[in-house]
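Inspection log for the structure reproduced underneath, given as structure tokens.
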Amino acid sequence: MGYLPTRLRQHGVLRKMVRDVQLTMDDMIYPIFIVEGENVYKEIESMKGQYHISVDQLERLVPQWQSKGIKSLLIFGVPDEKDAEGACAYDDNGIVQKALRAIKAISSEIFLITDICLCQYKSDGHCCFFDPQGKIKREETLRTLDKIAISHGKAGADMVAPSDMMDGRINSLRTALDKNGFEHLPIMAYSAKYASSFYGPFRDAAHSAPAMGDRQAYQMDFHRASEAISEFELDVKEGADILMVKPAMPYLDIVSKASERFNRPIAAYQVSGEYAMLERGVRENLIAEKSIYESLIGIKRAGANLILSYFAPVVQELIEKYSE
Ligand code: PBG
């Protein structure tokens with residue numbers, strides 16, 4: 001026989017030698033939900049194993065996360081009070097800003113990323129402002145997003161991640177950051193963010209479900225792949241440093257296209273619905289725990305350099321258990 005594909009599968013050492021990808025904790029970003037108040041460490045109903053956390057708890061939690069190999073956090077703020085302007089999003093004493101300062105005081109090593117959007121802060125739960133006819137007020141939205149990013153920069157963010165999907169936001173953010181002394185602050189753009197049902201558990205967690213309508217007027221239609229390419233092109237042209245695809249598992253074709261075509265690192269966000277599905281499947285013994293590891297390897301194989309996942313705190317353990 002000539003080539004036998006199973007030849008390379010006979011010895012464990014060789015199997016590992018010929019792998020295309022591997023997963024390490026350097027790839028992982030852990031998204032967390034910070035709330036107002038004190039002594040809050042409350043499990044999120046829709047995302048078992050994930051918590052609403054008040055700032056005072058971080059002193060205990062950050063070292064715990066670090067001991068599990070976590071090097072980077074994506075911070076989501078869940079404020080008590082929302083308003084029509086979403087003003088608490090750029091308040092220097094807002095929830096994300098407080099969390100940034102607190103974490104930086106606990107550890108100078110951990111890398112902090114913030115989500116730049118309005119939906120958690122605005123009473124109507126939308127990512128942008130609308131005029132009375134219901135059309136997106138782009139300029140006004142962009143100016144507010146700029147203010148949020150600058151205020152996160154001042155509070156200590158190491159990278160900002162705009163998730164609003166407004167046209168022109170990367171250019172607008174880059175310009176605003178540069179003007180305010182943040183030329184070196186990288187932007188990880190949620191470039192291909194689809195209007196997905198997989199965000200359901202997150203909207204529960206972040207209290208950010210839209211009060212009326214949905215996000216189809218600004219997030220992408222999941223019947224389209226080619227549109228993602230234009231979104232990536234625009235974001236690269238406007239100065240994005242990292243391109244993100246979101247969700248991850250049902251969008252691996254998009255991850256793969258992005259990594260083949262663009263000379264920027266690609267991030268994939270395994271979102272709340274993907275987490276909830278896998279977490280419950282494993283908890284109820286419908287699927288083996290190894291499937292979580294397999295899902296992350298699949299995302300890497302598709303071409304992602306970075307993965308945002310709520311599983312981050314268990315990934316080190318998964319690698320130890322299942323990478324053999
Ligand atoms: C804010 C934002 C959302 C997510 C990340 N940033 C919600 C949304 O767009 O509705 C979803 C993350 C997840 O589902 O885990 N715009």
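No value in this document is a laboratory result; all are computed from the given coordinates. Fair warning: this is a prediction, and the values are worked out from it, not measured in the lab. Counting neighbours? That spans all protein chains shown, and the Cβs are built from the backbone with ideal geometry, glycine included.
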Estimated inter-spin distance, residue 323 and residue 21, nm [label 7 Å along Cα→Cβ]: 1.4
Karplus-derived 3J(HN,Hα), 6.51/-1.76/1.60, for each residue of the range 105-118, Hz, glycine and proline x: 6, 7, 9, 8, 8, 5, 9, 10, 10, 10, 7, 9, 6, 10
Distance from the range 153-179 to the range 268-284 (C-alpha centre basis), Å: 29
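Let me make sure I get this right: for the range 221-324, a, b and c are the square roots of the gyration tensor eigenvalues over alpha carbons, sorted descending. Under 1.5 in a/c it's rounded, otherwise prolate if a/b > b/c, else oblate. Which is it? Walk me through the numbers on the way to the answer.
Working: a/c = 2.60, a/b = 1.91, b/c = 1.36.
Cα axes put the range 221-324 in the prolate bin.
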Paramagnetic label zone (point 7 Å from Cα along Cα-to-C-beta, residue 280; backbone N under 19 Å) in the range 37-81: 43-52
Built amide H within the under 5 Å cut-off of residue 206, gap 5+: none
From phi via Karplus (6.51, -1.76, 1.60), per-residue ³J(HN,Hα) for the range 147-160 in Hz, x at Gly/Pro: 4, 4, 4, 5, 5, 5, x, 4, 7, x, 4, 9, 7, 10
Within a Gaussian network of the chain (alpha carbon springs, distance under 10 Å), most fluctuating of 67, 272, 172: 67
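Expected output is a single nm value to one decimal: the length gained when fully extending between residue 294 and residue 212, i.e. 0.36 nm times separation in residues minus the C-alpha distance. What is it? Working shown, then result.
On the way: separation 82, 0.36 × 82 = 29.52 nm, distance 3.73 nm.
That works out to 25.8 nm of additional length.
Stokes-Einstein at 25 °C, 0.890 mPa s, Kirkwood radius from Cα pairs: D for the range 181-246 in µm² s⁻¹? If you can, show how the numbers build up before the last one.
On the way: Rh = 13.5 Å.
Approximately 182 µm²/s, per Stokes-Einstein.
Take each of the peptides 289-299, 9-19, average the number of other beta-carbon atoms within 10 Å over its residues, and list them starting from the highest.
Details: 289-299: 19.1, 9-19: 9.6.
Ranked from most to least packed, the peptides come out as 289-299, 9-19.
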The range 294-301 - phi-based ³J(HN,Hα) in whole Hz, Karplus 6.51/-1.76/1.60, Gly and Pro as x: 4, 5, 6, 5, x, 5, 5, 4
At 1.002 mPa s and 20 °C, Stokes D of the chain from Kirkwood alpha-carbon radius, µm² per second: 105
Cross-link reach list, lysines versus residue 193, counting only Cα pairs under 17 Å and skipping chain neighbours closer than eight places: 246, 257
Theoretical gain in end-to-end length, residue 178 to residue 3 [0.36 nm per residue, Cα-Cα removed]: 57.4 nm
